[in-house]
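Have a look at the structure below, then the notes.
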């Protein structure tokens, strides 16, 4: 197919299938239309083959064809483009499989955006003037350096030529990496450089290709000359994909579009009886029991309402959840299932994640030869959910990087020459094991959580999954697991996974429930009741738990697709939070709820005993020249009403914290 035949074929294609789209261009102001390859293939197979093998020639012919369909003299049709989508499977490649034979061909590749440069102008054409004959010479700029004419094609003059004008377009560089699902075993993911031009770097398109996004791209493979270290020209070329079309593979709650039929089905489901039972039963049908935790995860999926006050302060609406349990309790399975149901999620695990990997890292920029910011999992899951498994296996330095992300929902970076604040409106569902691998029933549960108190306090709900022998429950669990192994098919849930995902998307995206007076009264009553039960400066709950109650109440209202938080929503939220507090936040000495037990592992009653011990030590130290006999100390401690075993634990803690030391056996001294 020659050039003129190609133009005629494209004009016919546009006339039959895309005339309305082209006529709209002068109204919308766009300079491109999307063309489906399957439409081209059905229309003219010869034209489809020409596009795949000679894409640059096809796009030049398409620019001429635009004017043939819409001969509007006011428009410069040389600026208009076609974007090709839906290439055949024969042209879909893994990055590792791209070879020199594919240079100049149209390819489709899927991958994860790893790095992206700023948008900068780039020269595509330059017009030079010959000083001898005065004629203009047009030179296309397809290489990385400015290309000048070697000689005048009209008079043959050589030497320097005067630049008359140049045509510039917006340009952006991008590095695409293979998807993790495309890798086998221990293969290292391969990368390829990409070039984006014109409308592909517009503000709307730019957001689709943010680092961490999974995209499907269509582009023309080009080669770029490399240079040796000594400045000579190398025989090895670099490969670059000049992109023609970009399509995001994953979307967040705010960008997914639901059809009218979807919305109708969602509203019908919301009006059905036993809605919560259906949602809980359909969320994780392959996991036995744990209905309270499933309810909590569903509330976490939809979240509360994010609020921006008139003074500029923003209150997060995301609900953070922490699961701590014995091995085999199903924590990881719940997290994996959550990542399937959530429309946008990132899954990270323990030692495989660092603080930089969770938040952000400063790396060498492959394009600009400087420093660039590479987003971590919490930033990449913005407006989505991040699942962190084996949280206890991460180091204290790495987990401390999460503090700002969980509460303020931003991540501030100040490294090299980069100072940036990244948005991180991300819900976190984390799982961890107890300090000694399994819960010890003889010890306080809160003391067995090996996580920093400041991090624990940022989770709205904390559940303890204990594996305790129970004849009836064990029998039901054994039947459930064995039936699962007998047949790979799980009992069909009332709500299919795709329908459940759409329901949660609608609830999170469109519902913004407000607290009613009845709900406020109920939440206030519970808060005051818990606070009034405090004794000896104990704190059953704080305002942080009150805010968590509000978010959970809003989550229950969203699950009902309601615009108001009802009294029932508030009661369900209170029941769920109280269930968490009775599991972990109970002072073993008094048997009452004490939030300090959960957040720091030291209850207020124990703190008061530590204060008594410190006071006695200070008194004896002044009387005995800072050399205190442990026997004398025990006698004084017992007189104050503290038993010997409790004193020994307190003494070990004071020595471990560096407040005391043992100068010799049987004696302690203050530092």
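The values are calculated or read from the model by the stated rules, or taken from the named source; none is laboratory data. Quantities reported herein were computed from a predicted structural model and do not represent experimental measurements. Here Cβ is always computed from backbone atoms with ideal geometry, including for glycine, and neighbour counts include all displayed protein chains.
A few points about this structure:
- Test result for residue 143, at pLDDT 85 or above and either out of contact with any strand residue (DSSP E or B) (no Cβ under 6 Å at 6 or more places or on another chain) or closer than 17 Å to residue 242 by Cα (or both): no
- When region 259-282 is limited to residues that are over 21 Å from residue 568 (Cα atoms) and in contact with a helix residue (DSSP H, G or I) (Cβ under 6 Å, 6 or more places away or on another chain), the one that is surrounded by the fewest Cβ atoms within 10 Å (Cβ to Cβ) turns out to be 262.
- Some residue of region 387-409 being touching a helix residue (DSSP H, G or I) at 6+ places or on another chain (Cβ under 9 Å), part of a loop (DSSP other than H, G, I, E, B), farther than 22 Å from residue 284 by Cβ and at pLDDT below 75: no
- Selection within region 509-564 - at pLDDT below 85, more than 15 Å from residue 575 (Cα to Cα) and in a helix (DSSP H, G or I): 509, 510, 531, 532, 543, 544
- Within region 410-424, restricting attention to residues that are within 14 Å of residue 359 (Cβ to Cβ) and out of contact with any helix residue (DSSP H, G or I) (no Cβ under 8 Å at 6 or more places or on another chain), the residue that is surrounded by the most Cβ atoms within 10 Å (Cβ to Cβ) is 413.
- Qualifying residue in region 72-90 (condition: outside the structural domain of residue 182 (by TED's automatic domain parsing), out of contact with any strand residue (DSSP E or B) (no Cβ under 9 Å at 6 or more places or on another chain) and buried (at least 18 other Cβ atoms within 10 Å of the Cβ)): yes
- Top-ranked residue in region 189-219 [being assigned to a loop (DSSP other than H, G, I, E, B) and at pLDDT below 80; ranked as farthest from residue 424 (Cα to Cα)]: 202
- Spans of strands (runs of 3 or more DSSP E) in region 65-129 with at least 2 residues in contact with a helix residue (DSSP H, G or I) (Cβ under 8 Å, 6 or more places away or on another chain): 81-85, 106-116
- The residues in region 110-136 that are over 23 Å from residue 167 (Cα atoms), at pLDDT 80 or above and buried (at least 16 other Cβ atoms within 10 Å of the Cβ) can be counted, and the count is 4.
- Within region 4-33, considering residues that are touching a strand residue (DSSP E or B) at 6+ places or on another chain (Cβ under 8 Å) and under 16 Å from residue 78 (Cβ atoms), the one surrounded by the most Cβ atoms within 10 Å (Cβ to Cβ): 22
- Some residue of region 35-46 being buried (at least 18 other Cβ atoms within 10 Å of the Cβ), assigned by TED's automatic domain parsing to the domain that holds residue 9 and closer than 14 Å to residue 244 by Cα: yes
- Filtering region 653-671 to residues that are at pLDDT below 75 and in a helix (DSSP H, G or I) leaves 653, 656.
- Qualifying residue in region 299-307 (condition: surrounded by fewer than 20 Cβ atoms within 10 Å (Cβ to Cβ), without any contact (Cβ under 8 Å) to a residue 24 or more places away in the chain and closer than 20 Å to residue 425 by Cβ): yes
- Residue in region 167-183 that is at pLDDT 85 or above, surrounded by fewer than 17 Cβ atoms within 10 Å (Cβ to Cβ) and farther than 28 Å from residue 121 by Cβ present: no
- Test result for residue 52, within 40 Å of the chain's Cα centre (by Cα), in the same structural domain as residue 11 (by TED's automatic domain parsing), part of a helix (DSSP H, G or I) and on the phi < 0 side of the Ramachandran plot: yes
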